[in-house]
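Colleague: Got a structure for you, questions after.
Taken together, the values in this text are just the output of simple stated rules run on the coordinates, not laboratory data. Keep in mind it's a predicted model, so treat the numbers as computed, not measured. Quick reminder, even Gly has a Cβ in these numbers, built from the backbone with ideal geometry, and neighbours come from all protein chains shown.
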Amino acid sequence: MKILTEQHDGKTVLSLKDARLDAHNSAELKDRILKSLEEGGREIIVDLHDVQFIDSSGLGALLSGHKNAIQRSMRFVLAGPQPRVMVMFELTRLQRVFEIYPGLREALED
Amino acid sequence: MCDSAKTVLNLDIIVPNKTRYLRLIGAIAEEIAKELTVDNPDHDALAYHLNLVVTEAVTNAIQYACPGESNDTVRIFLSIENNDLCVRVYDYGKGFNLEALPIPDADDLSERGRGIFFIRTLMDKVEYRKTDCGNVLEMRKRLN
């Protein structure tokens, strides 16, 4: 999975550049998030704008990031989910667990 | 059973039990649903849901496969008859008890256990049983 990493004032942005997040690439994302958390900083933003499809494995990788960030007293934020991806969060009620912003700009400004 | 004289589509797919094939199988299921439900106002969502449930079912089949099992493939059978979609995904592992799987608690932050929940939520009828050619997860959905 292609993931772009950028730094913005202590915030690490991981931009997922694959339209599909499933059991084939979710372990890679989980490892990449964990690596970013271990590198420190105060906040991780996962930009989901380009993701058109997510399954339960993808949600699991994001939950792993959320829980590991809490353990390190870091903030874990999701940005820009497409409507169909957002439905998956809503079906599982995980929109109540994650901090979700409509776009990367809003996540960076907060 | 899915067999019927009025079947309009039968598709039998066998792929290696590797997750790299999820994208292909999901895309096939989505395109079929788009093609056959053009009159349904929700056909885009329906196609997306079919991609999801097939992806989840094939992922399960791969994960439940027995290590060292000689049959290292997953079989997906897709049928549409009278607007009734039937998808069967066969696995050759030890199987599981569908009825015993809990509905995920909204406050449970476990990283696993939501795949069957998606399938049950998005399909009309779901069964899992043992057959002579492996275990089969059968999922049904009305398309209109």
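Colleague: Which numbered condition trips up A:Ala27, out of (1) within 12 Å of another protein chain (Cβ to nearest Cβ); (2) over 17 Å from B:Asn51 (Cβ atoms); (3) buried (at least 20 other Cβ atoms within 10 Å of the Cβ); (4) small (Gly, Ala, Ser)?
Modeller: All conditions are met except number (3).
Colleague: Considering only residues that are of a type in the set (Val, Ile, Thr) and farther than 30 Å from B:Asn40 by Cα, which ones fall in segment B:70-117? Quick ask: steps written out before the conclusion?
Modeller: Looking only at segment B:70-117, we keep the residues that are of a type in the set (Val, Ile, Thr), and these are B:73-74, B:76, B:80, B:87, B:89, B:103, B:116.
Of everything in segment B:70-117, those that are of a type in the set (Val, Ile, Thr) and farther than 30 Å from B:Asn40 by Cα turn out to be B:Thr73, B:Val74.
Colleague: So, of the residues in segment A:53-106 that are assigned to a helix (DSSP H, G or I) and touching an Asp or Glu at 6+ places or on another chain (Cβ under 7 Å), which turns out to be farthest from the other protein chains (Cβ to nearest Cβ)? Lay out the reasoning, then the answer.
Modeller: From segment A:53-106, those assigned to a helix (DSSP H, G or I) are A:56-71, A:83-91, A:94-96, A:104-106; that's our starting set.
The next check asks that each one be touching an Asp or Glu at 6+ places or on another chain (Cβ under 7 Å); those that pass are A:56-58, A:60, A:63-64, A:104.
Values: A:Ser56: 4, A:Ser57: 7, A:Gly58: 10, A:Gly60: 4, A:Leu63: 5, A:Ser64: 5, A:Leu104: 23 Å.
Looking at the filtered set, the residue picked out is A:Leu104.
Colleague: If you don't mind, there's one more thing I want to ask. Say whether the condition of being loosely packed, with under 14 Cβ neighbours inside 10 Å and outside any loop (DSSP other than H, G, I, E, B) is met by at least one residue in segment B:33-48.
Modeller: yes
Colleague: Right, something else. Can you pull out the residues in segment B:104-122 that are assigned to a loop (DSSP other than H, G, I, E, B) and not hydroxyl-bearing (Ser, Thr, Tyr)? Write out each step before concluding.
Modeller: Of segment B:104-122, the ones assigned to a loop (DSSP other than H, G, I, E, B) are B:104-114.
If the condition is that a residue be assigned to a loop (DSSP other than H, G, I, E, B) and not hydroxyl-bearing (Ser, Thr, Tyr), then B:Pro104, B:Asp105, B:Ala106, B:Asp107, B:Asp108, B:Leu109, B:Glu111, B:Arg112, B:Gly113, B:Arg114 are the ones that fit.
Colleague: Just wondering, is there one or more residues in segment B:33-50 that are of a type in the set (Gly, Ala, Ser), more than 12 Å from chain A (Cβ to nearest Cβ) and out of contact with any Asp or Glu (no Cβ under 8 Å at 6 or more places or on another chain)? Explain how you work it out, then say what you get.
Modeller: Step one: filter segment B:33-50 for residues of a type in the set (Gly, Ala, Ser), giving B:33, B:45, B:47.
Subsequent filtering for residues that are more than 12 Å from chain A (Cβ to nearest Cβ) retains B:33.
Next cut, out of contact with any Asp or Glu (no Cβ under 8 Å at 6 or more places or on another chain) only: B:33.
Yes, there is a match, as at least one residue in segment B:33-50 is of a type in the set (Gly, Ala, Ser), more than 12 Å from chain A (Cβ to nearest Cβ) and out of contact with any Asp or Glu (no Cβ under 8 Å at 6 or more places or on another chain).
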